[in-house]
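The values are calculated or read from the model by the stated rules, or taken from the named source; none is laboratory data. Source: prediction; values computed, not measured. Backbone-built Cβ (ideal geometry, glycine too); neighbour counts: all protein chains shown.
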Amino acid sequence: MRALLAFALVLGLAACDSASPASTASIRYSVSGPAAITYSTPDGTQAATASSAWDASVQVPAGTPVVLTALSASGQPVEARIYVDDQLAKSSQGTSVRLSSSASSSSGEVEVEGPIEAISADAITVLGFTFSIDGSTAFLDDDNDPTTAAAFSVGQRVEVKGRGPAGALRATRVKPDDDGYDDDGDDNGVHVERESTITAMDAESITVGDLRFLTNASTQYLDDDNRPIARSAFAVGQLAEAEGHRRSDGTVLAYKVKQDRD
């Protein structure tokens, strides 16, 4: 089960509401169920524990990176959303997500990642959001090559980008979302990546999000600028990126663990 949701939004965050100062944007965080939560504020990262649905609003300077993480104690995927100036900017469930485009609320751009709940010739629904699809919608495969709507089916995890207000969303792009798992075709099996919060560490492994990576003498440890650092520089609660290969016994051996300070 994917128990950890980590959002990292690096928006242009230029507030376009005439009632708001041009240098700030209103951010609303929303988590769908019980979770241990951390979120960004102008004063730094704050923590919260939710026994049911949770939300919080903050004002941040334009261009400020904002991060939302939600860890479910029950091991179930957690749906979380970030709104900018009351417009949905990102929604996802049980995965690590990073959005780093210079978007603004007036653009109406929306990105949703999750399983397809319904799909037809003219619409696709993901996480409760229905997007109309038409001849201008780009359907892509895992290699970002053009494909068709027929290549997608209910239950498949996808990333949908679209535009428009709630209730009138139009999909501009639909592509598979493998949650960081990617077969790179080499002889070492399946290449695995995970970008999230470190949730556990011991002498033999580092767990990033809900995925445990085994480590050994060959594992590289890097800072955010790709410079070698000591393993001791990593700690539970820190954002990190881990890459490795899934072995025949199902374990994942990390060849690289990198700090993520975005």
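At a glance:
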{"item": "Test: residue in region 10-33 that is in contact with a strand residue (DSSP E or B) (Cβ under 8 Å, 6 or more places away or on another chain), modelled with pLDDT of 80 or more and not in a strand (DSSP E or B)", "result": "yes"}
{"item": "Residue in region 195-209 that is crowded, with 21+ Cβ neighbours inside 10 Å, at pLDDT 85 or above and more than 17 Å from the chain's Cα centre (by Cα) present", "result": "yes"}
{"item": "Single match in 227, 173 (criterion: at pLDDT 90 or above and at negative phi)", "result": "173"}
{"item": "Residues satisfying the stated conditions in region 203-229, i.e. of a type in the set (Phe, Trp, Tyr) and closer than 11 Å to residue 251 by Cβ", "result": "213"}
{"item": "Every residue from region 73-114 that is closer than 19 Å to residue 172 by Cα and at pLDDT 65 or above", "result": "87, 88, 89, 90, 91, 92, 109, 110, 111, 112, 113, 114"}
{"item": "Test for residue 126: is it modelled with pLDDT of 85 or more, of a type in the set (Val, Ile, Thr), within 26 Å of residue 174 (Cβ to Cβ) and under 18 Å from the mean Cα position of the chain (by Cα)", "result": "yes"}
